[in-house]
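Working notes, beginning with the structure itself.
Readers should treat all values here as calculations from the given coordinates under stated rules, not as data from a laboratory. In this text, all values refer to a predicted model and were calculated from it rather than measured experimentally. When we count neighbours, we look across all protein chains shown, and the Cβ atoms used for this are built from the backbone with ideal geometry, even at glycine.
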Amino acid sequence: PGTFEPSASADSREVRRVLRAEIAEMERELVRLDRGAELPERPRPAAGRILSAAELRGVRDTLAERLAELRDERAEARRRVYAERAAALSTPPRRASAGVWTGGKPRAGVVWSR
């Protein structure tokens, strides 16, 4: 009686700590990749609580899926941009012809013919 016994073992606490660190890193990357996105609204429990390792794994896996989608979308957008640039560079630019000076007396300036 009166002795405090934590419900989670030291190993479980370490697992949760590692999972929280992974989640924090993924959230930072998600913000960087998808600045305009709205984060999904999560139902809040009535009181604060510590997520279990299984719940933290679920959060981490959901974030990992979203990050993979964003990375794929970004890679596809980059491929399109590079392809458009390559196509633009492969066709020679159209230049207007310079014309030839006829050698006549200049009136208000040089007379150019086309």
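Using the Cβ of E84 as centre and a radius below 14 Å, the other residues enclosed give a net charge of +3, where K and R count +1 and D and E count -1. Report the calculated FRET efficiency for D61 and R13 (r = Cβ-Cβ distance, R0 = 25 Å), to the nearest 0.05. For R0 = 25 Å, the calculated efficiency reads 0.75. Taking 0.36 nm per residue of sequence separation and removing the Cα-Cα distance, the A88/L33 pair yields an extension gain of 17.0 nm.
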